[in-house]
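The values are calculated or read from the model by the stated rules, or taken from the named source; none is laboratory data. Note that this is a predicted model, so its numbers are computed, not measured. Because the Cβ atoms are built from the backbone with ideal geometry, glycine has one as well, and the counts that use them run over all protein chains shown. Surface accessibility is based on the protein's heavy atoms, side chains included, excluding ligands, DNA and RNA. Shrake-Rupley method; radii C 1.70, N 1.55, O 1.52, S 1.80 Å.
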Amino acid sequence: EHGGAALGALAEFGLQDFFSLREGPSHSELPKLFNSGKSFDLIFIDGAHQFNFKFIDFYYADLLLEIGGCLVFHDLLLPATKKLYKYIQTLRRYEFMATPQLQPTAAKKLRYLAGAFVKFKPLRTYWPNGFGNLLVLRKISDEPAPWNLFRNF
């Protein structure tokens, strides 16, 4: 779709050997990676936008990610991604990493702000990363949650 721009940039900087492109739905590719026994320091997910698919992506990415590694979700402004982030917060195994350098233009911020007022959304919960559209999390623990853990999210 983008003419291989990302792959070209990786090759330009000699990073292609450190990168694995999986073409296909992330909710079906991540289980394949898990079955391969590999682990990763960085996982970038830009999959289907519905909560159920995002949850599957997170579940497998969490299993694949090394402690200290980063999990990046695109489309933080979508309700399903924000809902998933609220769930991830209940696990207390990830820390949020702000990305102030990736903020949109002032015009886009104004548009988002106007949309929040129209939709009656509280600003604090509406944008966990300011107006940024990436959710960047660093894995700080592999501790499993208690079998009976449930917190509303």
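Through the Karplus equation 6.51 cos²θ - 1.76 cosθ + 1.60, θ set to phi - 60°, convert the phi angles of the range 75-82 into ³J(HN,Hα) values in whole Hz; use x for Gly and Pro.
Computed from phi, the couplings for the range 75-82 are 6, 4, 6, 7, x, 5, 5, 5 Hz.
Provide the per residue accessible area, probe 1.4 Å, for the chain, rounded to a whole number of square angstrom.
With the other protein chains kept in place, the chain gives 65 Å² per residue.
What percentage of the solvent-accessible surface of the range 1-91, computed with a 1.4 Å probe over protein heavy atoms, is contributed by carbon and sulfur atoms?
On the range 1-91, the fraction of accessible area on carbon and sulfur atoms equals 57 percent.
With no solvent and one point per C-alpha, what does the Debye sum give as log10 I(q)/I(0) for the chain at q = 0.12, 0.16, 0.17 Å⁻¹?
Per q value, in the given order, log10 I(q)/I(0) is -0.59, -1.01, -1.13.
Can you give the net charge of the other residues whose Cβ lies under 10 Å from the Cβ of residue 84, counting K and R as +1 and D and E as -1?
Its environment carries a net charge of +3.
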